[in-house]
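Report on one structure; see the data block that follows.
The values are calculated or read from the model by the stated rules, or taken from the named source; none is laboratory data. Because the structure is a prediction, the values reported are computed rather than measured. Cβ placement follows ideal geometry from the backbone for every residue including glycine, while neighbour counts extend to all protein chains displayed.
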Amino acid sequence: MTVVAPDSTAQETGERTVVHRVVLPEGGDPDTLPLYLDFAMARPAAEGPSGKNPQPVVGAVAAIGTDAGVGILGRRSLGLEKGSRVSFATYFNAFPASYWRRWTDVDKVRLSVELEGEATVVVYKSNSRGESQRVTLINAVAGTSTVDLPLAPFGDGGWYWFDLHANDEDVVLTSAEWSVASSFRRCEGTASIGITTFNRPDYCVAQLKVLGSALALNDVIDRVFVIDQGNKLVQDEPGFEEAQEILGDRLALIRQGNLGGSGGFARGMYEASQAQDSTYVLLLDDDVVSEPEGIRRAVMFADFCRQPSIVGGHMFSMYSKAQLHSWAERVNKYRFFWGPFPGTEEAHDFAQQNLSATRWLHRRFDAEFNGWWMCLIPVETVRAIGLAMPVFIKWDDCEFGLRAARAGYPTVTLPGAAVWHVPWTDKDDTIDWQAYYHQRNRWLMALIYSPYMRGGSLIRESFQNDIRHLLQLQYSAVELRLKALEDLLNGPAHLHRTLGTSLPEVRAMRAEHPDARVSKDPAAYPLTRRHRPPARGRDPERPHSAVGFVASAITGAMRQMRPVRAAALEVPEERVAAMAAKWWRLSHLDSAVVTSADGTGASLYVRDPEKFRSYLMRSAALHRRLAARWNRVQAQYQAAHGELTSPEAWQATFEANAVDTDD
């Protein structure tokens with residue numbers, strides 16, 4: 001059966017390409033099911049004063065049971081008992097119409113639904129305000145029913161989806177898919193995958209098996225480059241031989257010294273561009289679980305983009321599988337800091353509030369960059385603008401997106417393309433060894449890209465952050481942040497030169513500080529004892545006003561100058577949870593046992609007046625120096641930018657950090 005949409009004038013003819021197939025979770029995983037099926041079929045509630053939905057909507061997990069009348073039969077098929085209903089208004093199965101409207105020349109999309117039995121198919125669309133509208137109803141019989149749907153109304157946002165109703169008999173959905181006219185396809189591309197791994201061979205082998213066995217990827221994946229930078233090798237992991245047999249000559253293992261994420265991903269870009277087999281290189285983290293259909297969608301979407309574009313995927317939590325990390329990210333160029341777009345929410349949980357009931361998810365947000373947990377990059381772009389910046393870790397993906405945009409290559413974070421990744425909520429990498437890279441690379445990117453005089457608010461914020469860490473007794477973090485600025489002043493030549501040696505140096509420097517030494521033994525530290533009770537019996541709280549912030553900071557800073565009681569070095573004054581370890585609390589203590597962010601250990605924080613004075617003066621001097629030399633240092637890094645990212649510079653770095661595979 002074929003149905004023509006009310007505002008279409010004729011049935012689309014000619015060759016078509018399937019770009020988005022309805023899929024279901026492997027094994028019917030109940031934790032991921034809300035991303036594939038919606039049993040609640042809720043519609044958006046009236047907006048509250050803030051523009052947000054007033055209450056969360058119960059998602060699919062709560063609705064599933066023996067009475068749901070729905071059974072998953074395979075990756076693309078399900079059965080519905082008589083009288084049952086299910087909606088595909090979900091992250092993975094709704095069609096992101098507004099993204100196709102914005103970035104391609106496609107003007108219509110065709111929905112095809114193949115059934116065994118008779119059922120009712122109701123097609124819906126939404127607008128950028130999150131309002132749902134019924135488009136058409138199809139009384140579908142056994143076989144394939146199709147409907148052509150225009151993309152014209154989706155200028156600022158909106159999705160298409162369909163609901164399926166089993167009326168008078170049991171029904172089997174054999175398959176459903178969304179297709180577009182092939183004439184709009186800019187190219188018929190394939191991808192090489194670049195996976196960077198460091199001592200996670202179990203995750204990596206599991207991912208290789210998925211990539212090799214996914215039938216959806218057979219026609220879009222040319223090669224899989226595994227850049228192994230560790231000493232727990234992927235090739236030695238049980239199950240590797242099976243993965244190797246599945247992938248065959250498409251798998252290439254490359255070993256090199258630990259050059260961080262930027263060095264591993266740069267190698268993947270380099271190998272893909274040298275091999276000349278693929279249109280795209282797909283960057284994947286080693287510790288992700290992929291949805292193969294999402295990879296296929298990314299390649300299809302990139303093929304239809306009206307110009308070569310970077311197509312990124314979203315990240316869901318490995319531990320809370322329906323929880324989204326971020327919808328679209330950008331850089332605040334005045335602060336020079338990344339973050340989510342205003343109007344989106346971080347850590348959105350689709351199990352609590354589904355797609356059709358979450359208004360902001362229906363707006364289109366045009367990302368400025370995409371994380372390299374999953375990011376498809378045209379090889380043409382790599383050849384035009386170079387490889388990753390040699391920064392080891394942090395900001396490399398962001399910088400590449402900004403550089404690509406300057407050269408006319410946009411980034412699209414595509415709904416329906418995603419991976420599951422271990423979240424960052426259980427660690428604070430701004431105070432561990434990564435503090436060095438956070439600080440140096442943020443300044444480096446501001447020097448290259450900031451449109452504001454002396455980087456906008458960067459210098460002020462950076463100095464304030466040093467003071468905050470000092471008041472929190474986190475001397476190791478301040479030591480690394482200061483080293484980062486000193487290295488920055490040494491000029492751009494240090495980036496490639498130290499790429500393979502900076503991490504051991506940073507780790508050794510950090511290990512000298514007590515706050516960096518984590519004990520896993522709960523009994524490692526004695527019971528706490530306060531020398532003097534807190535004022536009025538209350539622990540210090542976050543100041544509630546600007547005046548309060550200043551007063552609390554001054555009071556805390558003055559306390560740092562006082563001598564530390566000898567007893568505090570032996571008996572900590574308090575145990576402080578990681579979430580409560582803020583400057584307004586720790587600045588009032590001589591010592592404290594502070595839990596690590598992941599909860600697996602604790603460190604002893606001890607106030608050190610000499611370090612406080614020394615680091616504060618050093619920080620002030622460095623920030624003054626950088627402010628005075630901003631234009632000169634900026635010119636240095638901007639002039640060196642092209643050389644730093646060139647294949648020739650990276651090739652020399654790869655050769656300098658080669659690993660003897662026979663050793």
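Phe612 - would you say it is more than 30 Å from Ala511 (Cβ to Cβ) and of a type in the set (Phe, Trp, Tyr)? Judged against the criteria, Phe612 is not a match. Given the structure, is Phe92 outside the structural domain of Gln323 (by TED's automatic domain parsing), part of a strand (DSSP E or B), under 30 Å from Leu215 (Cα atoms) and not basic (Lys, Arg)? No.
Might you let me know whether segment 627-647 holds any residue that is within 20 Å of Ile467 (Cα to Cα) and not assigned by TED's automatic domain parsing to the domain that holds Leu233? Within segment 627-647 (the criterion being within 20 Å of Ile467 (Cα to Cα) and not assigned by TED's automatic domain parsing to the domain that holds Leu233), the answer is yes, since at least one residue qualifies. Among the residues of segment 250-287, those identified as under 22 Å from Met389 (Cβ atoms), of a type in the set (Gly, Ala, Ser) and part of a helix (DSSP H, G or I) are Gly260, Gly261, Ser262, Gly263, Gly264, Ala266, Gly268, Ala272, Ser273.
Restricting segment 218-249 to residues that are buried (at least 23 other Cβ atoms within 10 Å of the Cβ) and in a helix (DSSP H, G or I) leaves a set whose member that is farthest from the chain's Cα centre (by Cα) is Ala243. Summed over segment 380-438, the residues that are touching a His at 6+ places or on another chain (Cβ under 6 Å) and either modelled with pLDDT of 95 or more or not β-branched (Val, Ile, Thr) (or both) give a count of 3. Inside segment 632-653, can you point out the residues that are in a helix (DSSP H, G or I) and of a type in the set (Gly, Ala, Ser)? Those that are in a helix (DSSP H, G or I) and of a type in the set (Gly, Ala, Ser): Ala635, Ala639, Ala640, Gly642, Ala649, Ala652.
Where strands (runs of 3 or more DSSP E) fall entirely within segment 131-208, those with at least 2 residues that are crowded, with 19+ Cβ neighbours inside 10 Å, more than 28 Å from the chain's Cα centre (by Cα) and outside the structural domain of Glu237 (by TED's automatic domain parsing) are at 132-140, 143-150, 160-165, 171-181. Among the residues of segment 281-315, just one is within 24 Å of Ala407 (Cα to Cα) and among the hydroxyl-bearing types (Ser, Thr, Tyr), namely Ser309. Contact map, segment 287-298: residues that are farther than 21 Å from Ala176 by Cα paired with residues that are among the basic types (Lys, Arg) and surrounded by fewer than 24 Cβ atoms within 10 Å (Cβ to Cβ), Cβ distance under 6 Å, separation 6+ or inter-chain. Pairs shown: Asp287/Arg200.
Taken across segment 293-304, residues that are assigned by TED's automatic domain parsing to the domain that holds Ala404 and in a loop (DSSP other than H, G, I, E, B) do not occur at all. Any idea which residue in segment 535-547 is nearest to Trp584 (Cα to Cα), counting only those that are surrounded by 10 or more Cβ atoms within 10 Å (Cβ to Cβ) and at pLDDT 75 or above? Residue satisfying both the conditions and the ranking: Arg542.
Considering the conditions (1) surrounded by fewer than 24 Cβ atoms within 10 Å (Cβ to Cβ); (2) touching a residue at least 12 places away in the same chain (Cβ under 8 Å); (3) more than 21 Å from Tyr99 (Cα to Cα); (4) out of contact with any Asp or Glu (no Cβ under 8 Å at 6 or more places or on another chain), Phe392 is excluded by exactly one of them, (1). Return the pair list, or none, for Cβ contacts closer than 9 Å from residues in segment 511-523 that are closer than 12 Å to Thr595 by Cβ to residues that are assigned to a loop (DSSP other than H, G, I, E, B), at least 6 apart or on different chains. Partner pairs satisfying both residue conditions: Val518/Ser596; Val518/Thr600; Val518/Gly601; Ser519/Tyr525; Ser519/Gly601; Lys520/Thr600; Lys520/Gly601; Pro522/Gly601.
Of all the residues in segment 541-580, those that are under 36 Å from the mean Cα position of the chain (by Cα), aliphatic (A, V, I, L, M) and assigned to a loop (DSSP other than H, G, I, E, B) number 1. Only one entry of Ser183, Ser192 meets the criterion of being of a type in the set (S, T, N, Q), touching a residue at least 60 places away in the same chain (Cβ under 8 Å), touching a Phe, Trp or Tyr at 6+ places or on another chain (Cβ under 9 Å) and more than 23 Å from Arg76 (Cβ to Cβ), and that entry is Ser192.
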